[in-house]
Amino acid sequence: MSAATRTLLLWCPDWPVLAAEIIDGVPATGPVAVLHANRVLACSEQARAEGVRRGLRRREAQGRCPGLTVVDHDPGRDARAFEPVVAAVEEVAAGVEVVRPGACALPARGPSRYLGGEEVAAERIVEHVAQSCAVESQVGVADGVFAAGLAARQGRIVPPGGTPEFLAAQPVEALGRPALADLLRRLGVRTLGDFAALSAGDVLARFGFDGALAHRMAAGRDGRPLAVRRPPVDLTVTTDLDEPIERVDVAAFAARTLAERLHERLAGHGLACTRLGIEAVTAHGQELHRVWRHDGLLSAAAIADRVRWQLDGWLTGARRGGPARPTAGIIRLRLVPDGLLAQAGLQPGLWGETGEERERAHRALSRVQGLLGPEAVVTAVLGGGRSPADQVRLVPWGDERLPARPGATPLPAPPDAAPLPARPGAAPLPARPGDAPSAARSGAVPLADRPDAPLPSWPGRLPPPSPAVVLPTALAVQVWDAAGGPVTVSARLAMSAPPARLSIDATAEAPVPVGVGRGAEIVGWAGPWPVDERWWAPAEARRRARFQVCLADGTALLLAVEHGRWLLEAIYD
């Protein structure tokens, strides 16, 4: 069995108390106790001076110290407060493992060889933590994390090979297992040396797996090696320009040189990037930033092109209707790779999905984004929702095409569904969302007669075919009956009369869609189908009834009644 790793462990005494001071402002110089399960988990030095000890119940601790400040234990607070300490240790030596909030360990070989010995390394780390974080700490060095933790409580450096002797004198309570320690003391085993002298097989048979693990620790053999945290490799490339750049051709030259440096650095680690952050700083201190995405792996030429396009957009975009150009020339360029993948090459599609034409289109659209911004080129992404306007979301070109809401396959129309009766020559309406105008809340379609039909994620969603044109803003319309009176729909979905004519509201400012006149005869209709959304939140509630109507010229429309107003939402082919 291999020997334990020589380990340096930094320990901050009474860390839960210090964390409460750092995060919540509780003064640690006074009597403070951190409680967990109504027992003292940690206490300050002044509280210990007045008789407070770990393990005391809250009432007994307050009886010994009437002025005791009680703080509830919060592991998240302890971890957040300890992160700056770990970062400070990493500034001196790399490869740190957080044992628990308040204690971190690292292999002692690296810092001791670099700084000139284990004692010098320990002093350097303690001093740096005190200066950077204003936190007092102690360091212990021994063979293994467990022994180094005990050595840190004494501020001791155990010589190589002396760990078993150091542990042998420690009491069994040092194992941190109160039940096991109590049992060992009743059996006459009082020190770790006595415990380590027992047979490993007998310990496993009598105390189980946890006892066997404690036995290994008592003998100076850790259960696992250090799982150190290694800082990520800095792949960012930066260049400082001698003179501020205000011309695109000069910027393109600097961009190509920087792109080649980035690509070489990524290739040296066997990596490639799918996203590229471009940052620039002007002579007046203005900071510019843009992120570019790519559906494949960015090559050196692709990186250079995107940097050149972006610099062109920043330096000349204002003349083409884009954002205002920087107030001064660019003096610093920085490329930040993101979306890193192992460089395994890009396999073209069987039918040329990633061929030359697709690449040219992507380069052209990316160039437009560089000139006018990412929102200048958008693509539609289908998602969930009940209204046609809710099912489409526009995302910038190159961004991940993920729907904002999960979609679902709409419920098929019942087998007996038929087009609405219409006059001869009129086009039939699309399949109806449901048969029952008195559907339940959220517009669900009754499934009692169709037990095998799948239940969709969005009940009340319109079935296919989808409308060909969805208006960005619903257009106000007027619906009249045969006698010339307005058609109304009650709260119980009762219609005042069948709709006979439709006209665009005279007050509407939006242009009339093609195929919809100022006045048209309705030759077929279906509905109403109610949609009652978010009725549990009055501020967000929306209730409406939808209709499908067919006009005399064959145009089919999707209408909705909301708050007593008729609205035109979409047009079918």
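The values are calculated or read from the model by the stated rules, or taken from the named source; none is laboratory data. For clarity, every value in this text was computed on a predicted model and none was experimentally measured. Quick reminder, even Gly has a Cβ in these numbers, built from the backbone with ideal geometry, and neighbours come from all protein chains shown. When the accessible area is computed, the model is the full protein with side chains, heavy atoms only, and any ligands, DNA or RNA have been set aside. Shrake-Rupley method; radii C 1.70, N 1.55, O 1.52, S 1.80 Å.
The alpha carbon radius of gyration of region 236-302, expressed as a multiple of 2.2 N^0.38 Å, is 1.19.
Taking every protein chain into account, the 1.4 Å probe leaves HIS284 with about 130 Å² of accessible area, to the nearest ten. Applied to region 40-55, the Karplus parametrisation 6.51 cos²θ - 1.76 cosθ + 1.60 on θ = phi - 60° returns per-residue 3J(HN,Hα) values of 6, 8, 7, 8, 7, 5, 5, 5, 5, 5, 9, x, 7, 9, 5, x Hz, with x for Gly and Pro.
Near ARG332, the amide H atoms lying under 5 Å from its own belong to LEU241, VAL281; only residues 5 or more places off or on other chains count, and H is placed 1.01 Å from N. In terms of the mean number of neighbouring beta-carbon atoms within 10 Å, the peptides 157-163, 51-57 order highest first as 157-163, 51-57. Distances between placed amide hydrogens fall under 5 Å for ALA500 paired with TRP480, ASP481, ALA482, all partners being 5 or more residues away or on another chain. Length available on full extension from ALA200 to ASP72: 0.36 nm per residue minus the Cα-Cα distance, which gives 42.1 nm. Taking all protein chains together, PHE209, PHE166 sort by accessible area into PHE209, PHE166, largest first [probe 1.4 Å].
Here ARG360 and LEU394 are evaluated by their C-beta separation; at R0 = 22 Å the FRET efficiency comes out at 0.45.
Look at the alpha carbon pairs under 8 Å that are at least 6 residues apart: their mean separation over the length of region 48-196 gives a relative contact order of 11 percent.
Over region 37-159, the pair-distance histogram of Cα-Cα distances with 10 Å bins from zero comes to 12, 36, 30, 18, 5, 0 percent, rounded to whole numbers. Applying the Karplus relation 6.51 cos²θ - 1.76 cosθ + 1.60 with θ = phi - 60° to region 164-177 yields 3J(HN,Hα) values of x, 5, 5, 6, 4, 8, 7, x, 5, 5, 5, 5, x, 10 Hz, where x marks Gly and Pro.
Taken one residue at a time, the phi angles of region 560-573 give Karplus couplings (6.51, -1.76, 1.60, θ = phi - 60°) of 9, 10, 9, 6, x, 10, 8, 10, 9, 9, 7, 10, 8, 5 Hz. Gly and Pro are set to x. Taking 0.36 nm per residue of separation and subtracting the current Cα-Cα distance, fully stretching the chain between GLU91 and HIS128 would add 12.4 nm. Using modelled backbone amide H atoms (1.01 Å from N, in-plane), which distant-in-sequence or interchain residues come within less than 5 Å of TRP397's amide H? Placed amide hydrogens put VAL377, VAL378, THR379 under 5 Å from TRP397.
Based on the Cβ-Cβ distance of GLU136 and GLU50, what FRET efficiency does E = 1/(1 + (r/R0)^6) give at R0 = 22 Å, to the nearest 0.05? So the FRET efficiency works out to roughly 0.60. Give the separation of the Cα centroids, region 168-193 to region 478-498, in Å. With region 168-193 and region 478-498 each reduced to a Cα centre, they are spaced 87 Å.
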